[in-house]
Amino acid sequence: MSARTGVLFVCYANLVRSPLAAAVFAELAARRGLADRFRIDSAGVAADAGHARHPDSVAVAASHGLALTGTSRPLRRDDLFEFDHVLVLDRRVAAELQRLLAGARPTAQVRLLATLADPHARDAAQDVRDPISKGPEAFEAAFQQIARACAALLAELSR
């Protein structure tokens, strides 16, 4: 059997969006019987290790039947060489990731997650907006955008 495909979701603090994306992608893969094909994780470009997931992310995940477990972890430069796909949640995070790379050429394919559901997205439409301090509706909107993009990612990677 071949090695599992590494999929890493990256947001700013690894408390809200990237853990949601990892949980959604893992659930979608499991529903299709493909869970064993992937190694799925999340990280943050400015994360401190060990913090609990944001309560509103936990709540929105639970409302969709998902358990949001684990704690935050910072992105390591090695992640960009150890994972096959790195999905970034917004352009700010993408810019920080480029700074962290400092000219290195990662072996991972690095893309903005939202562009998978809408390849023609431009400007702010390329971002999964951070819902912190914006209420439950913003968390639900982020979840829905993540779910569409993760479905597109799974379709691409399961061909």
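The values are calculated or read from the model by the stated rules, or taken from the named source; none is laboratory data. Computed from a predicted model, the values in this text were never measured in an experiment. Ideal geometry is used to build each Cβ from the backbone, glycine not excepted, and the neighbour counts take in all protein chains shown. Please note that ligands, DNA and RNA were not included when accessible areas were found on the heavy atoms of the full protein model with its side chains. Shrake-Rupley method; radii C 1.70, N 1.55, O 1.52, S 1.80 Å.
Computed quantities for the displayed model
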| item | result |
| --- | --- |
| Unique residue being touching a residue at least 60 places away in the same chain (Cβ under 8 Å) and closer than 15 Å to ASP130 by Cα when the list is ARG92, ARG32 | ARG92 |
| Some residue of region 113-130 being free of Cβ contacts under 8 Å to residues at least 40 places away in the same chain and β-branched (Val, Ile, Thr) | yes |
| Of all residues in region 110-124 being in contact with a helix residue (DSSP H, G or I) (Cβ under 7 Å, 6 or more places away or on another chain) and part of a helix (DSSP H, G or I), the one that is nearest to GLY44 (Cα to Cα) | ALA114 |
| Number of the condition not met by PHE143 [criteria: (1) in contact with a Phe, Trp or Tyr (Cβ under 9 Å, 6 or more places away or on another chain); (2) buried (at least 21 other Cβ atoms within 10 Å of the Cβ)] | (1) |
| Odd one out for VAL128, checked against (1) open to solvent by less than 20 Å² (accessible area, probe 1.4 Å); (2) over 18 Å from LEU8 (Cα atoms); (3) in a loop (DSSP other than H, G, I, E, B); (4) not hydroxyl-bearing (Ser, Thr, Tyr) | (2) |
